[in-house]
1. Just to confirm a number: summing +1 for Lys and Arg and -1 for Asp and Glu over residues other than D81 whose beta-carbon lies under 10 angstrom from that of D81, what do you get?
2. With θ set to phi - 60° and the Karplus curve 6.51 cos²θ - 1.76 cosθ + 1.60, what are the ³J(HN,Hα) couplings of region 51-68 in order, to the nearest whole Hz, using x for Gly and Pro?
3. Given the peptides 191-204, 106-119, arrange them by the average over their residues of other C-beta atoms within 10 Å, most packed first.
4. Give the order of T172, T74 when sorted by the count of other beta carbons within 10 angstrom, beginning with the fewest.
5. Label points 7 Å out from Cα along the Cβ direction at A161 and S215: separation in nm?
6. So for region 37-213, what are the equivalent ellipsoid semi-axes in whole Å, largest first, each being the square root of 5 times an eigenvalue of the Cα gyration tensor?
Amino acid sequence: MKKLLAVLLSLFLMAPAFADETPTAPPAEPITVTPEPLVNNEPADILKLDYEVGDGLARYVENKMEQAKKLKVTHIQVVIDSPGGGVIAGLHIMRLIVESGIPTTCTVPDGGFAASMAFYLFESAACGERVIGETGVLMGHTVAGGGNDGRQPSVAAQLAALKAFDKVIALTVAKRSGMTVEDYMKLVYGTELWVVGADALKYGTHGLADRVLPSAEPSK
């Protein structure tokens with residue numbers, strides 16, 4: 001019995017030595033992952049104008065264009081699906097895109113909507129190529145205003161501003177589409193111009209779009 005206990009005790013004392021001799025796995029090599037450039041959780045070469053044209057959208061565009069320049073993006077896909085919004089914000093967004101110097105393709109997708117200032121952006125120099133789906137919709141109209149205090153000078157000043165903005169938009173659309181300013185104003189003055197994508201090439205000598213995308217076939 002004493003001999004058995006002595007043998008067990010010696011094995012117990014030797015156990016750490018055996019443990020120390022157990023080979024360990026070499027440290028794993030670090031894995032380097034280069035993430036795709038993202039801005040606002042989107043690829044840097046995608047710009048989505050898919051809500052109201054206003055200060056928030058202008059800040060988003062400003063951030064995206066700054067990042068695109070830093071990342072040396074060579075082309076930007078602009079997706080437009082917006083009911084329009086403020087004139088000042090729309091003009092600012094147009095300048096941000098143009099002054100970046102990055103070529104663009106603007107697309108109004110099937111079922112998408114480019115209305116009011118979004119329509120202006122689609123027709124402006126911000127869009128290098130204008131593409132619309134067959135069932136996309138464009139809508140243009142004269143500029144609306146409000147908020148004056150009712151005094152005659154205020155009303156007169158606002159009317160002058162509206163006329164100026166109307167001319168800016170008319171000049172832009174007319175130049176891009178090949179219509180005259182007068183012909184364009186006939187389409188929007190006192191009413192609204194509604195155009196389905198399938199008909200966008202029929203206006204002026206250059207059309208309200210450069211290319212119409214056929215609608216996708218239904219899945220079977």
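1. Charge balance near D81 sits at 0.
2. 8, 4, 6, x, 4, x, 5, 5, 5, 4, 5, 4, 5, 5, 5, 4, 5, 4
3. Numbers: 191-204: 16.6, 106-119: 23.6.
Descending mean neighbour count gives 106-119, 191-204.
4. Numbers: T172 19, T74 9.
The fewest-first ordering by Cβ neighbours comes to T74, T172.
5. The two pseudo-label positions are separated by 4.1 nm.
6. Square roots of five times the eigenvalues give 27, 21, 13 Å.
Throughout, read-outs are computed from the coordinates displayed, never taken from laboratory work. What you are looking at is a predicted structure, and each value in this text was computed from that prediction instead of being measured. We place every Cβ from the backbone using ideal geometry, glycine too, and count neighbours over all the protein chains shown.
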